[in-house]
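Engineer: Let me begin by handing over the structure; questions about it come next.
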Amino acid sequence: MSRGRGRGGDGNRREISALQTELLGKSIFGKYGEKSSGFPEYDIVAGRAATEEERHVADLMEKFRAEMQSSVFCLQPPAPARDVERYSDRYFKATTRQSLKGLKTDVSLFPDELHSELLKKSTKGKKAAVYSGNGLLDALKGAKDDDEEGGDKSGSDADKTDKEDGDEELGDEEDEEDEEEGNDYLESYFENGEEDDMGDLDDDDGGGGDY
Amino acid sequence: MYTQQVGLCKQIVREHYGPIVETVVAVLLREGRLHLGQLARRTKLTGPNIRRALAVLIQHGIATHAMSKDGSRMFTYYSVSLKSILRLQRAGLYLALVEERMGSEGLAIFRTIMVNGLTTIGSVREALSVAEMGNAAKIKFNSVVAKLVRDRYIIAVNPQDTITKVDRIMQEEAVEVEKLTIPPTAKELLAIRRKIIEREEEEYQSSNVVGIKRRASVDISADHSSKLHMGADGRANGFNSYDSGDQNGYSHLNNGHQQQQQVDAVDDKQFFRAYYDRLDVFLRNQQIVNYFTDKYNAGAGALVKSILRVTEQHTRTCRVKLSETVSATQVFQHISAEAPLIDSIDTSKDMFHQKFDANGNPIVDTSSGTELSREKRSEIIFALLEVIHTDSSGIVIKVDERGTGQYRVNFERAAITLRDRCVDALVHEKFGSVHARLLRVLRDKQKLDEKVVAQATMLPIDSCRTRLHDLALAGMIDTVEIPRSADRNPSRMFYLWYVNADKQMRSAMRFVYQGMSNIIERNTKEVSARALLIAKTKREDVILDPGLLTDGERKELQNLARIKQRLTVANVRLDSMLLVIYDIDPLSADHQLLQ
């Protein structure tokens, strides 16, 4: 009666199952603490204790390492987005690292292609470039707007904030337009047969007569 | 370059600069010189990330750049230096050395410069808020900075320093060759190269140190003098008067008298970086002093220390093989008053110094023993010098017998002696005392047959053979074949065992690199196992109120700090071994010249 136990071919020899090792304490390995040839006793020699000087050097090393890791030179990839908002998130301050562009260094020591990462970009040129492109866009969009709403968005005195407001306004106007004018989907062009009155239909000879 | 060395460098860079810089360094170490486009293809990082990583590496002197033509276009090629990366592991030793010699002010200045890579003194002043300090502290700051620059702990940086050295030398060579009307011969080319290297040496040895602007005389009052020597934590004492090469530094003031102080002013706008080659010289000298202290006594160590301090002025890097000549009188003048010379050597039976009374009986010195007279001091120093220069290591040699004698330090012999001692300790630790004894016998007796080795070490032949093969497998010893017949039949050859110093050094370095790599990995594992706990300590509420941590958590943090300290101490010990085995050897320092 070796149902469920071993292979049953040789009744004298049985494989030790996991249940037996739990219940009877049998194990194919020796008991814990027993000596075996595969795992001989090994005398672990502890290293000599650190002297005062060595501890001091180790402390200096740790402080230096910590300073480097918190400096602007330790480049970390951005943290992955959190999947779930947790209660403890409020206690973790978002650490904002300084950029390399704020670093006071001699740029002449670096090749030209790396200067973009070390020098702060001036924003004047950028504003003008953005403005000139959007100014045309504003003009085109302004032609669509109503005269009442049309703000004077062209002109050399417009600021970036005005332009942003202008963009927001444009966006709002577009929404309003959509809401006001509606869309083609409010009206259905197709007759789906719901309003048809079956009784009004003329008799058709297409299919045959009535029975 | 070894596999273990590359793995270690990647770990060090990741620890200090993060994963982005590590990726760039890994590719540069594997592939060699690359330009931006090639780096982008191989690292798969974005352009801005690669540029930032390269900027960080150049800022810290790890990477260099050079313009080179590839086809019709000019590219900027970047390469990294293994030596500069491995130096980051020695930061603790460098900082401790600077603190010992320059005090806590010097330590703060030097650490700021190390963290920033290269920076101006003006930026250091801002970082340490010197403007908010008192007048005396500002004067102390200026004098410490001047001393750091004068003694070349920090060195001025110019745009040529970030260009790859090989390219720079080739450019200078090309300029010299252009001046010639006919193509140079091999001899002329060698002479040009020697001239370029000597030019660098002359610039270093010149008394005009780049970065020191002018001398300013400052009036200071005496009541500030006592406050200036103690550091903020009371650890270091600032200047020791016998340390300074010339007497332009600080002078002790008398009570209530105003004195003029000459202070070198350093240019605030000049960029400086730490000069690690010079610091390696100081660390090497410390190892030499430790050797004599261990072998003889503290007095002998103090004497060798004063010899080395006198010669330090002219020793730029570890490539120097022989020091300048030092007379016994100079040693006597420079040795510290606190040096433990009492009981360091017994001169009572020395016939040269023995004094006799009128009846011819020797006069025994019955002085208290706590203070030495000038005469007794000179007696002890000259006797110690005699013992030291006759030491079997040959580190201190006497070059002139005239007068009190002239001495020099042989740094080549010092490097060999220290390295052998270090490797013996490594073998003893790894294999046991019998293997170490075998190694010492082979080193002393040069090439020996197996049977002769067994006789010399008093071991049975089979045991000796096993141990010899263990050492050969570890790369500590090697065999040389001596053929008995013209056909070089292997069965009729003599195989002699000997110590191949080069191979031994490389094997020892591999052990050390692997050990350091394992330590960093273990450190990372211990920290990551407690990642949640460490994250908890960074919470704002826990920072404000540490009582929010439970007792178990506090105990675990202390355990982690203890583990990290032990691992760092082990790392420092391994790095000291690396310094002794490789960095201080003048021959290997020559090989590292182009790195």
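The values are calculated or read from the model by the stated rules, or taken from the named source; none is laboratory data. What you see is a predicted model, and the numbers here were worked out from it, not measured in a lab. So basically every Cβ, Gly included, is an ideal-geometry build from the backbone, and we count neighbours across all protein chains shown.
Engineer: Consider B:Val441 against the criteria (1) in contact (Cβ under 8 Å) with a residue 24 or more places away in the chain; (2) outside the structural domain of B:Tyr296 (by TED's automatic domain parsing); (3) touching a strand residue (DSSP E or B) at 6+ places or on another chain (Cβ under 9 Å): it satisfies all of them except one. Which criterion is unmet?
Structural biologist: Status for B:Val441: all satisfied but (1).
Engineer: Here's another thing I want to ask about it. Give the residue that is nearest to A:Thr105 (Cα to Cα), with candidates limited to residues of the stretch B:136-193 that are within 14 Å of chain A (Cβ to nearest Cβ), touching a helix residue (DSSP H, G or I) at 6+ places or on another chain (Cβ under 7 Å) and surrounded by fewer than 19 Cβ atoms within 10 Å (Cβ to Cβ).
Structural biologist: Selected residue: B:Pro159.
Engineer: Within the stretch B:539-560, restricting attention to residues that are of a type outside the set (Asp, Glu) and outside any helix (DSSP H, G or I), which residue is surrounded by the fewest Cβ atoms within 10 Å (Cβ to Cβ)?
Structural biologist: Pass one, the stretch B:539-560, residues of a type outside the set (Asp, Glu): B:539, B:542-544, B:546-550, B:552, B:554-555, B:557-560.
Checking the rest, the ones that are also outside any helix (DSSP H, G or I) come to B:539, B:549-550.
On the way: B:Arg539: 17, B:Leu549: 17, B:Thr550: 9.
Among those residues, the one meeting the criterion is B:Thr550.
Engineer: Modelled with pLDDT of 50 or more and polar (S, T, N, Q) - does that describe any residue in the stretch B:268-278? Steps first, answer last, please.
Structural biologist: If we filter the stretch B:268-278 for residues that are modelled with pLDDT of 50 or more, which is where we start, we get B:268-278.
Next cut, polar (S, T, N, Q) only: B:270.
Taking every residue of the stretch B:268-278 in turn, at least one turns out to be modelled with pLDDT of 50 or more and polar (S, T, N, Q).
Engineer: Continuing with this model, one more query. Checking B:Ile581 against (1) within 12 Å of another protein chain (Cβ to nearest Cβ); (2) among the hydrophobic types (A, V, I, L, M, F, W, C); (3) surrounded by 17 or more Cβ atoms within 10 Å (Cβ to Cβ), only one condition comes out false. Which one?
Structural biologist: All conditions are met except number (1).
Engineer: Next question. Which residue out of B:Val399, B:Val427, B:Val387 is surrounded by 17 or more Cβ atoms within 10 Å (Cβ to Cβ) and either modelled with pLDDT of 90 or more or under 30 Å from the mean Cα position of the chain (by Cα) (or both)?
Structural biologist: Numbers: B:Val399 fails: surrounded by 17 or more Cβ atoms within 10 Å (Cβ to Cβ); B:Val387 fails: surrounded by 17 or more Cβ atoms within 10 Å (Cβ to Cβ).
None of the other options fit; the residue is B:Val427.
Engineer: Which of the residues belonging to the stretch B:1-40 are in a helix (DSSP H, G or I), aliphatic (A, V, I, L, M) and in contact (Cβ under 8 Å) with a residue 24 or more places away in the chain? Quick ask: steps written out before the conclusion?
Structural biologist: Initially, the stretch B:1-40 is screened for residues in a helix (DSSP H, G or I), giving B:3-17, B:19-31, B:36-40.
When the remaining residues are screened for being aliphatic (A, V, I, L, M), the result is B:6, B:8, B:12-13, B:20-21, B:24-29, B:36, B:39-40.
Matches in the stretch B:1-40: B:Val6, B:Leu8, B:Ile12, B:Val13, B:Ile20, B:Val21, B:Val24, B:Val25, B:Leu28, B:Leu29, B:Leu36, B:Leu39.
Engineer: Here's another thing I want to ask about it. List the number of the failed condition for B:Val423; all other conditions in (1) touching a Lys or Arg at 6+ places or on another chain (Cβ under 6 Å); (2) within 30 Å of B:Ala302 (Cα to Cα) hold.
Structural biologist: (1)
Engineer: Residues B:Ile520, B:Ile563, B:Ile534: which one is surrounded by 12 or more Cβ atoms within 10 Å (Cβ to Cβ), part of a helix (DSSP H, G or I) and more than 12 Å from every other protein chain (Cβ to nearest Cβ)?
Structural biologist: On the way: B:Ile520 fails: more than 12 Å from every other protein chain (Cβ to nearest Cβ); B:Ile563 fails: more than 12 Å from every other protein chain (Cβ to nearest Cβ).
Answer to the selection: B:Ile534.
Conditions (1) over 19 Å from B:Glu521 (Cβ atoms); (2) among the charged types (D, E, K, R), marked per residue:
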| site | (1), (2) |
| --- | --- |
| B:Leu8 | no, no |
| B:His16 | no, no |
| B:Leu28 | yes, no |
| B:Leu34 | yes, no |
| B:Lys44 | yes, yes |
| B:Val56 | yes, no |
| B:Lys69 | yes, yes |
| B:Tyr78 | yes, no |
| B:Leu93 | yes, no |
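Engineer: If you don't mind, there's one more thing I want to ask. How many of the residues making up the stretch B:42-60 are small (Gly, Ala, Ser) and either buried (at least 20 other Cβ atoms within 10 Å of the Cβ) or not assigned by TED's automatic domain parsing to the domain that holds B:Ile20 (or both)? Don't jump to the end; show me each part of the working.
Structural biologist: From the stretch B:42-60, those small (Gly, Ala, Ser) are B:47, B:53, B:55; that's our starting set.
Going one step further and asking which of them are either buried (at least 20 other Cβ atoms within 10 Å of the Cβ) or not assigned by TED's automatic domain parsing to the domain that holds B:Ile20 (or both), we end up with B:53, B:55.
Residues flagged as small (Gly, Ala, Ser) and either buried (at least 20 other Cβ atoms within 10 Å of the Cβ) or not assigned by TED's automatic domain parsing to the domain that holds B:Ile20 (or both) within the stretch B:42-60 amount to 2.
Residues are listed down the side, and each one gets a yes or a no for (1) β-branched (Val, Ile, Thr); (2) outside the structural domain of B:Thr568 (by TED's automatic domain parsing); (3) in contact (Cβ under 8 Å) with a residue 40 or more places away in the chain; (4) touching a Leu at 6+ places or on another chain (Cβ under 7 Å):
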position	(1), (2), (3), (4)
B:Pro483	no, yes, no, no
B:Asp487	no, yes, no, no
B:Ser491	no, yes, no, no
B:Phe494	no, yes, yes, no
B:Phe511	no, no, yes, yes
B:Gln514	no, no, yes, no
B:Ser517	no, no, yes, yes
B:Glu521	no, no, yes, no
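Engineer: Got a number for residues in the stretch B:179-196 being part of a helix (DSSP H, G or I) and free of Cβ contacts under 8 Å to residues at least 12 places away in the same chain?
Structural biologist: Within the stretch B:179-196, the first condition is being part of a helix (DSSP H, G or I), and the residues that meet it are B:179, B:186-196.
Right, trim to free of Cβ contacts under 8 Å to residues at least 12 places away in the same chain and you get B:179, B:186-188, B:190-191, B:194.
Qualifying residue count for the region: 7.
Engineer: In the set A:Leu119, A:Leu75, which member is within 24 Å of B:His65 (Cα to Cα), at pLDDT 70 or above and within 8 Å of chain B (Cβ to nearest Cβ)? Break it down stepwise before answering.
Structural biologist: Values: A:Leu119 fails: within 8 Å of chain B (Cβ to nearest Cβ).
That would be A:Leu75, the only listed residue that is within 24 Å of B:His65 (Cα to Cα), at pLDDT 70 or above and within 8 Å of chain B (Cβ to nearest Cβ).
Engineer: Filter the stretch B:91-132 down to the residues that are of a type in the set (S, T, N, Q) and closer than 16 Å to B:Gln270 by Cα, then identify the one that is surrounded by the fewest Cβ atoms within 10 Å (Cβ to Cβ). Quick ask: steps written out before the conclusion?
Structural biologist: Narrowing the stretch B:91-132 to residues of a type in the set (S, T, N, Q): B:104, B:112, B:116, B:119-120, B:123, B:129.
Checking the rest, the ones that are also closer than 16 Å to B:Gln270 by Cα come to B:112, B:116, B:119-120, B:123.
Values: B:Thr112: 18, B:Asn116: 23, B:Thr119: 24, B:Thr120: 22, B:Ser123: 20.
Across the stretch B:91-132, the extreme among qualifying residues is B:Thr112.
Engineer: I want to confirm something. Restricting to the stretch B:15-39 and keeping residues that are facing chain A (nearest Cβ under 10 Å) and over 16 Å from B:Ile58 (Cα atoms), which single residue is surrounded by the most Cβ atoms within 10 Å (Cβ to Cβ)?
Structural biologist: Filtering the stretch B:15-39 for residues that are facing chain A (nearest Cβ under 10 Å) and over 16 Å from B:Ile58 (Cα atoms), the one surrounded by the most Cβ atoms within 10 Å (Cβ to Cβ) comes out as B:Glu15.
Engineer: Residues in the stretch B:99-115 that are within 14 Å of A:Met61 (Cα to Cα) and either more than 10 Å from chain A (Cβ to nearest Cβ) or among the acidic types (Asp, Glu) (or both): how many?
Structural biologist: Just the residues of the stretch B:99-115 that are within 14 Å of A:Met61 (Cα to Cα), to begin with: B:99, B:107-108, B:110-112, B:114-115.
Subsequent filtering for residues that are either more than 10 Å from chain A (Cβ to nearest Cβ) or among the acidic types (Asp, Glu) (or both) retains B:99, B:108, B:110.
So the answer is 3.
Engineer: Would it be correct to say that B:Gln455 is more than 23 Å from B:Leu587 (Cα to Cα) and surrounded by 15 or more Cβ atoms within 10 Å (Cβ to Cβ)? Outline the logic, then answer.
Structural biologist: Values: more than 23 Å from B:Leu587 (Cα to Cα): yes; surrounded by 15 or more Cβ atoms within 10 Å (Cβ to Cβ): no.
No; evaluated as a whole, the condition is false for this residue.
Let's see how each residue does on (1) facing chain B (nearest Cβ under 10 Å); (2) closer than 30 Å to B:Leu36 by Cα; (3) at pLDDT below 85:
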| site | (1), (2), (3) |
| --- | --- |
| A:Tyr42 | no, no, yes |
| A:Glu62 | yes, no, no |
| A:Met68 | yes, yes, no |
| A:Arg82 | no, no, yes |
| A:Leu109 | yes, yes, no |
| A:Asp112 | yes, yes, no |
| A:Ala129 | no, yes, yes |
